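Notes follow the structure.
Nothing in this text is a laboratory measurement; each read-out follows from the coordinates by a stated rule. What you are looking at is a predicted structure, and each value in this text was computed from that prediction instead of being measured. For neighbour counting, all protein chains shown are included, and Cβ atoms are generated from backbone atoms with ideal geometry for every residue, glycine included.
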Amino acid sequence: MTANQELYSGLIRLHILHHACREPIYGLGMIEELGHHGYRMSPGTLYPMLHGLESKGYLRSSEVRSGRRARRNYRATARGRKALNEAREKVRELFGELFEDEFAGDGG
């Protein structure tokens with residue numbers, strides 16, 4: 001994980017929770033989704049995050065088989081949905097502080 005990814009790891013976890021609240025997610029799909037937002041993730045970085053979120057009770061996983069292939073899908077739990085809702089307020093507050101000069105019309 002790069003220095004910036006370490007800084008962004010909380011945002012990445014929130015992004016994962018956001019998508020897991022909407023629909024079942026899986027590792028490689030999340031790597032692609034995060035890539036659309038500029039995060040370069042390897043399976044060796046993402047899967048420990050998914051497992052950590054699951055061990056803390058924010059996600060629940062199940063194995064889905066398609067022929068011979070098996071994929072582990074993750075969904076947000078009630079605890080994960082609650083944590084995301086609480087985080088929204090914190091993110092909104094931080095966003096306001098980060099961009100307060102722009103909002104005030106000072107331009108920086």
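A crude spin-label estimate for the pair Arg79 and His36, with each label 7 Å from Cα along the Cβ direction, gives 2.9 nm.
For the chain, the longest principal axis of the alpha carbon atoms and the long axis of helix 27-36 meet at an angle near 30°. Helical runs assigned H by DSSP (4 residues or longer) give the chain a calculated mean residue ellipticity at 222 nm of -20500 deg cm²/dmol, each run adding -39500 (n - 2.57) before division by the residue total. Quick one: Debye curve from the alpha-carbon atoms of the chain only, equal weights, vacuum; give me log10 I(q)/I(0) at q = 0.18, 0.22 Å⁻¹ to two decimals. Computed log10 I(q)/I(0) values: -0.93, -1.22.
Across the chain, Cα pairs under 8 Å and at least six residues apart give a relative contact order of 26 percent.
Relative to the longest principal axis of the Cα atoms of the chain, helix 43-55 runs at roughly 90 degrees.
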